[in-house]
Each structure stands twice: as C-alpha cells, then as structure tokens.
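Here the structure is laid out as structure tokens; the discussion comes afterwards.
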Amino acid sequence: MESLRRINAASGVSAGEKGRLLGPAFAHTSVGLAIADREGHFVEANSAFLDIVGRTFQELQGETVRSITHPDDWAETARETGLLYAGEAPDIQMEKRYVRPDGTTVWVRNSLSPLRDESGEPVYTIAISENIDSRKRAEQATAEARETLELATRAADLGVWDLNPLTEELRWSPRCREIFGVAMDAPLRMEDFLDRVHPEDRPRIVELVERVLDPQIRASYSADYRVIHPSGEERWASSTGMAYFEPVPGSRGEERAVRFLGTVADITERRRGVEALVQAEKLAATGRLAASIAHEINNPLEAVTNLLFLLRDATDATERMSYVSLAEQEIRRVTEIATQTLRFYRDPSGPTVCDVAALIESVLTLFHGRAHVLMVGAETRLCDDCTVFGSQGELRQVFVNLVGNALDAMPRGGRLLVRTRVYRGDRPGVRATVADSGQGMTEETKKRLFRPFFTTKASTGTGLGLWLSLEILVKHGASIRVRSRPGRGTVVSVFFPERAPGEESS
C-alpha cells in the first residue's frame, strides 16, 4: 500500500526523484524493475530497466507495454497479464522481447506481480526484468547450427552417432537407426552396434575403435563394414568419426576419451555399383587375356604342324629325332601357357603368402608372344624371397594391367624392365617396378590416370584397369607411384609394406 501511495503522490515529482520515492533498492538494483497501470502506461522504472529498453524515463512515459513489446510476443503478454488481473494467477513468469527505438530487440525474462489498492483490487503491475538476450541468442545460434547440421546430414543421407566411452551409452540419429535397422525408441549401447556388424568385420572394427580411443594412439576412424539387419539382409555402411579426450581427474597429465562421435552412410548401392564395374573390367580383362593366350598357343601349334609336315618326309633318323625334339619343346610351351592360365582361376579361396616374382613370371609368360610381335625386349630382375600376403588372383590382375599398359605404350618396339626388391629396416616391404621406354604421359594424363572410365586407348580401353588396380592395392595396404615424361617412357612402382598374415587394412 505504501508503494501505491508513493506512486499516486508522485504525479508532480520529476522523473529523477521517482526512484527515491520508492526506495534505494528499487532505484539501484541491477535487475530491471518497472511499474505499469492496467492500461499499460508506465508510471515508474529504474535505471536498469531503462537500459534494457534503451529509453529515458521521459521517453518511456510516452510508451505503453504493448508499444515496446515485439508484435509476435504481444498476444501471450496480453493473455498472461489478463490472468494476473483476473486473479487466476498470483504471479506470472515469461520470456519475451522488447523493441528498442533503433528497431533492435532484446530478450528478457519477466516476473510479473500485481500491486493492489486498499480494497485488494489490482491496479498496477510490477515487472522484474532480467536481460537474457545473450543466452537467447546463443540458444538460437545453437538451434540454427543444429538445424543446419540436420539438414546437411539429411541431404547427404548421413546418420549421426555419439558414443560415451565411459558408460558405453550410444545415441543414434533417426537415419542412423534406419541404416542399422534399430527401433526409434530402443535404448542403445556399444554392444548393440557391434551386434549389427557382420561377424567377419566385427574384430576389425573392435580393434580400430580401441585404437581410436587409446590416448597413446588416437587413430583416425574411417571404416567400411557390413551391417546385418534383423531381417537377415546384408548391407554396407561407411563410417567416420573422431574421439575427444580430457585429463583424468587426479592424474598427472593422463587423458581419457570422453566422447566419440561421427557419421555413417549406407553405401550398399555404391558397393554394388563398384562390384558391377569390377565384374565388367574382369570380363574385359578376360577377353584381353583370351586373345593373348590364343596368340601364345597358336605360335607353338603352328610350329608343331610344320614339324609334323617335315617329319613325314624326313628319311634320316637323326633329322627325324631333331624334329621330334623340337615338337616336344613346343608342346611343353603350350603346357606351360595352359598351366599359367589356370592359375588365374584356381587361386586359394582367401589371402595367402604370395611370391611376387613368381606372379610376375606367370604374367610375362602370357605376354611373351605379344612382346615378340611388338619387338619389345623384356628384361627381369626378380629377387628371391619377395613375398607378400594377399590374394594371388587380384595381384596377378594388377600386374596384368601394368604389363599390358607398358606394352600398349610401345607399339613400335622398345624395352620393358620388370624388377622386384626387398626392403629391410625402418620400412620393410617389397617393391615391384614396371618400366617401359614408350611414349610416356603428360602431367594432365597422370592426374587422371586412376579415375574410372579414363582411358588413352580410345575404343580399345575401358578406363577401369588402373582404377581397379588401385582399389586392389589399397585393399592390400600397398601404394602405387607413377613417373612419366612424354617421349621418355613410364615407370610404375608398387610398394607392399610388410604385413602379418590375417592383418587387414581398415
């Protein structure tokens, strides 16, 4: 009541005196305080409130609660104030925006209470205003960033996952749950994710995650693996992520992983497309090999036919034995070609220890006749004990592509050098080099060399051979390097780092 008497008695008092009339606490508190009548006219405000709305008290007296409230917030303000005056709520708390004279807005958190007269009738409203503009704008920025991320991941068809390594609790976005075939309301832990990973891929993923979360290693997380849906359907997923580390409480500089998050995409259709391209290239390579094999076999068979013709008319026993011996040599040549050909299709079902020198010799056997026709001199420098762990058939396919390309680059003769070397020490492994003295390549051609469908052979090339070779080498943890100059030839170098049997690239 005393406050009301002071307000009513202060009608002739200057604005600077009003705070004094209502007490020092009202005038000097850091929280905004304002009093308005039932029509919304301001009758009192402290300096903190004036700072919030960006006005002097004289300017505020020419405004109403509605005129300084953001239009989008007025309906709620009017409704809440109506409840207050109707006695349906003892006080009201709400967040709203005030509009400053320059058109900018400021967010406040208002606590509204009624001031009643002697009869108990509410005649004024007192508002306690807290400036929350920084917090609201930070929340809006966060919400916008989250919405942008959600739209981006939706457009990219990505699922988002977030793992707490300390509790193994896992959060998946809706798209992530769709990829793994998990119900939207099902709680998730790390073991639930691993249950969905194909049993053959699971050990590799477990080992990789352990390396990522190890503060001493902090490996990067990037992996393709198969996912088994509850229906039994097998699909492919590709996932990337990053771990975050914090100091262990009470430790001396030790750290631990506290968060591991990333994205996952369904790459099933892409994998099927790649497999289709691989099969297409294998068919094309088979056709090229068949032509080479037919040519290789045709030469000794023609020689045998000629020797049989000569043998029919020969009368001298020594001459006849010479023809028979030569025919036997040509037949052995046919047998060797057939044996090397069968090796392409009778490899072990899984990775094994492969002798790189033997693989290269088998490939050169198939290209011997073609090199002879092209007048290409082939030289080999193959070392002993140069073994790698992998698929014999796939590695043969790589060297078929490399040797075939080298011969294609020398249509008018030249020199082919194939060499292998074993490296010890800091970086042990095996290096295989295929060098030719052919026409060479420009820098632009080299940049596009391993792109699918890029070819310099016009209608005779598919543009998939080197792309597929690169895929095979990456799978085997190997790297490939090309050096070439127009008119000076090309050198292709493949390096296989030493790897233990059973070790797979991730």
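With r defined as the distance between the Cβ atoms of Glu336 and Lys475 and R0 fixed at 25 Å, what FRET efficiency is calculated, to the nearest 0.05? Between Glu336 and Lys475 the formula returns 0.25.
Scaled against the 2.2 N^0.38 Å expected of a compact globular protein of N residues, the Cα radius of gyration of segment 372-475 reads 1.16.
For the pair segment 360-437 and segment 116-190, the centres of their Cα atoms are 59 angstrom apart. In the frame of its principal axes, segment 408-455 has Cα extents of 38, 28, 17 Å, reported largest first.
Note on Glu39/Leu261: beta-carbon distance plugged into 1/(1 + (r/R0)^6) with R0 of 45 Å gives a FRET efficiency of 0.25. Once backbone amide H atoms are built at 1.01 Å from N, Trp236 has Val227, Ile267, Thr268 as its partners under 5 Å, excluding neighbours fewer than 5 places away on the same chain.
Extending 7 Å from Cα along the Cβ direction at Lys457 and again at Ala183 yields two label points whose distance is 5.6 nm.
Helix 133-155 and the longest principal axis of the Cα set of the chain meet at an angle near 30°. The GluC sites (Glu not before Pro) of segment 186-238 that meet both conditions, a loop assignment by DSSP and at most 15 other Cβ atoms within 10 Å of the site Cβ, are Glu200, Glu233. Scaling against 2.2 N^0.38 Å puts the C-alpha radius of gyration of segment 41-130 at 1.07. Scan the chain and hand back the longest stretch that contains none of the chymotrypsin sites (Phe, Trp or Tyr not before Pro) lying in DSSP loops with at most 14 other Cβ atoms within 10 Å. Counting at most 14 other Cβ atoms within 10 Å as exposed, the longest clean stretch of the chain is 1-344. Taking every lysine pair in the chain that is 8 or more places apart or spans two chains, those with Cα atoms closer than 23 Å amount to 7. With all pairs of separate Cα atoms included, the chain yields a Kirkwood hydrodynamic radius of 31.1 Å. FRET efficiency for the pair Arg116 and Arg79, taken as 1/(1 + (r/R0)^6) with r the Cβ-Cβ distance and R0 = 25 Å, rounds to 0.75. Of the residues Asn46, Gln392, Gln61, the one whose Cα sits farthest towards the positive end of the charge dipole of the chain is Gln392 (charges of +1 on Lys and Arg Cβ, -1 on Asp and Glu Cβ, taken about the Cα centre). Taking amide H atoms as placed 1.01 Å from N in the peptide plane, the amide H of Asp214 lies under 5 Å from those of Ala219, each 5 or more residues away in sequence or on another chain. Helix content alone sets the calculated 222 nm mean residue ellipticity of the chain: runs of n ≥ 4 DSSP H residues at -39500 (n - 2.57) each, divided across all residues, give -14000 deg cm²/dmol. Extension gain, Asp133 to Glu150: 0.36 nm times the residue separation minus the Cα-Cα distance gives 3.6 nm. Nearest 5 percent is fine: what portion of the DSSP beta bridges confined to the chain is antiparallel? Here the antiparallel bridges make up roughly 95 percent for the chain. Each pair of Cα atoms in segment 59-184 enters the Kirkwood radius, and Stokes-Einstein at 10 °C and 1.306 mPa s then converts it into a translational diffusion coefficient of 85 µm²/s.
Site pair Arg171 and Ser322 shows an inter-label distance of 9.0 nm when each label is modelled 7 Å from Cα along Cα→Cβ.
FYI, it's all coordinate maths here, none of it is from the lab. Predicted, not measured: the structure shown is a model, and the values here were computed from it. Quick reminder, even Gly has a Cβ in these numbers, built from the backbone with ideal geometry, and neighbours come from all protein chains shown.
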